[in-house]
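To start, the structure under review is shown below, and the notes come after it.
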Amino acid sequence: MNVFEKIRAGLVTVPETPSLVVDKSVAWENILRVQEAVDQAGCCLRPHVKTHKMPYFTNLQLKAGAAGITCAKVSEAEVMAAGGARDIFLAYPMVGEFRIRRALELRQKVDRLILAVDSIEGAHALEKAGAQAGIRWEVRLEIDTGARRTGVLREQAVSLAKAVAALPHLRLTGIYTFKSLVFQGQPTTDNEAAGREEAELMYDMAQAIRQEGPDIREISVGSTPTWLQAAQTGLVTEVRPGTYIFGDWMLTQEKCARFSQIAVRLYATVVSTPAPGYAILDGGTKTFPMDIPLDAAPYHYPGYAIPIGADGQPDLNLQLRRMNEEHGILTAVNGATGLKVGQVVELVPIHVCTAVNMQNHVFVAQDDSLEPMEVAARGMLV
């Protein structure tokens, strides 16, 4: 039995609500499964720690064979370095003197720090700081492959790569991208097509850059929906999935995780049942993230978390569609929630990364005990 089954059976008690519980054994199985698949593909795994935000789980990923880790912000990386991470890629534009100053300090505490650029302005700022400090930064160039987020447009990438490589205090060693489920510039549900296109676009871009002089060694891609397909092409050197460690409802819909591989649950207590058709939970917008739109194609999420019934399966009658700070309103499709005051409700997060970030601590299941663990990189924005 996993810990969620034990909680349902009354063998383990959730200490407090609202709270998030992690089954370490399920998370560890996810870590090993992905690491083995990446190894078999002849690729390196550099997981993004944005999902768990805890050095404890970073160290489990490194123990299993991860080559290093990925962070977004330097403050997040500082937490992971203090927890033992020695090889860190900051996959976010290093713009702002305050960030660069902290990156200089972080660089002295780790064995390898890789920074990101996607503009000549950002590159010049790093060049200036490197010259003043007498160092040479290792950098990767971000390429936009269809997500329309950060990243230089592909038609401008070769010229920017040449300009970055010409700066004496920057060492351009690779390129990277984030594309996820996009194919030919449009959202898709075809993981295979999206992952293969991601790898092919980046390989072709690396070749084009190499022909102009810069020696691109590393091609880094991937998110949880596409890492496997991209790695198996043999065209990339590194993948950076993050959500795979815990899983969530989104991953089950995106065909890259089974329900049994979701290692987390949210728990909330029913505090009021004013009418048969709705019940009030003790968690609202401070507990359940709202970053995923409801009822939107292609997955049509019915609420901000998925309630789980006594049988351990999604309860399609209950929907969490309305919240304020401290109140979550569960409504019933059939007009009767069947819930009672004091009852603890189990829910699966739609998007686990933002759900974890809303917790000061989570409860990690080890054997039959739930131990609180600080979400040490929570709210690390800089």
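The values are calculated or read from the model by the stated rules, or taken from the named source; none is laboratory data. Note that this is a predicted model, so its numbers are computed, not measured. Heads up, the Cβs are rebuilt from the backbone with ideal geometry, glycines too, and the neighbour counts pull from every protein chain shown. Side chains included, ligands, DNA and RNA excluded: accessible areas come from the protein's heavy atoms. Shrake-Rupley method; radii C 1.70, N 1.55, O 1.52, S 1.80 Å.
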Using the crude model of +1 on Lys and Arg Cβ and -1 on Asp and Glu Cβ, and no other charge, please compute the dipole size for the chain relative to its Cα centre, in debye to 20. 640
Principal-axis tilt of helix 55-64 within the chain, Cα atoms, nearest 10 degrees: 70
Go through the range 278-372 and name the GluC sites (Glu not before Pro) that are in a DSSP coil and have 10 or fewer other Cβ atoms within 10 Å of their Cβ. GLU325
Taking every pair of alpha-carbon atoms in the chain, give the share separated by more than 39 Å as a whole percent. 20
How large is the accessible surface of ASP367 in square angstrom, using a 1.4 angstrom probe and rounding to the nearest 10? 140
Using only Cα atoms, find the angle between the long axis of helix 191-211 and the longest principal axis of the chain, and express it within 0 to 90 degrees, rounded to the nearest 10. 20
Order by protection proxy (mean Cβ within 10 Å, highest first), peptides 79-86, 295-302, 255-262: 79-86, 255-262, 295-302
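In the structure displayed, which of LYS53/LYS128; LYS24/LYS53; LYS179/LYS286 lie more than 20 Å apart, Cα to Cα? Each step should come with its number before you reach the end.
On the way: LYS53/LYS128 31 Å; LYS24/LYS53 15 Å; LYS179/LYS286 29 Å.
Listed pairs above 20 Å: LYS53/LYS128; LYS179/LYS286.
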What's the carbon and sulfur percent of the range 189-326's accessible surface, probe 1.4 angstrom, rounded to a whole number? 49
Based on the mean of other Cβ atoms within 10 Å per residue, sort peptides 149-162, 225-238, 274-287 so the most packed one is first. 225-238, 274-287, 149-162
Take the alpha-carbon centre of the range 144-220, take the same for the range 257-315, and report the distance between them in whole Å. 37
Mean-position separation - Cα centroids, the range 348-380 and the range 20-79, in angstrom: 15
Cut-off under 5 Å, modelled amide H: who pairs with ALA305 long-range: LEU320
Taking placed amide H atoms and a strict 5 Å upper bound, the residues 5 or more places from GLU326 or on another chain that come that close are THR285
Of the accessible area of the range 1-110, computed with a 1.4 Å probe and all protein chains kept, carbon and sulfur make up a percent value of 49
Could you tell me how many degrees, from 0 to 90 and to the nearest 10, lie between the Cα long axis of helix 97-107 and the main elongation axis, the longest principal axis, of the Cα atoms of the chain? 90
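Counting only heavy atoms of the protein chains, get the accessible area per residue of the range 120-223 (1.4 Å probe) and round it to a whole Å² value.
Details: 4600 Å² over 104 residues.
For the range 120-223, the solvent-accessible area averages 44 Å² per residue.
Could you please report the charge total around ASP190, scoring K, R as +1 and D, E as -1 over all other residues with beta-carbon less than 13 angstrom from its beta-carbon?
Working: positive: LYS179, ARG196, LYS255; negative: GLU192, GLU197, GLU198, GLU254.
Net charge around ASP190: -1.
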What does the charge dipole of the range 1-152 about its Cα centre add up to, to the nearest 20 debye, if the Cβ of each Lys and Arg holds +1 and the Cβ of each Asp and Glu holds -1? 180
Under the rule of at least 5 residues apart or a separate chain, name every residue whose amide H is placed under 5 Å from the amide H of GLU238. CYS44, ILE219, VAL221
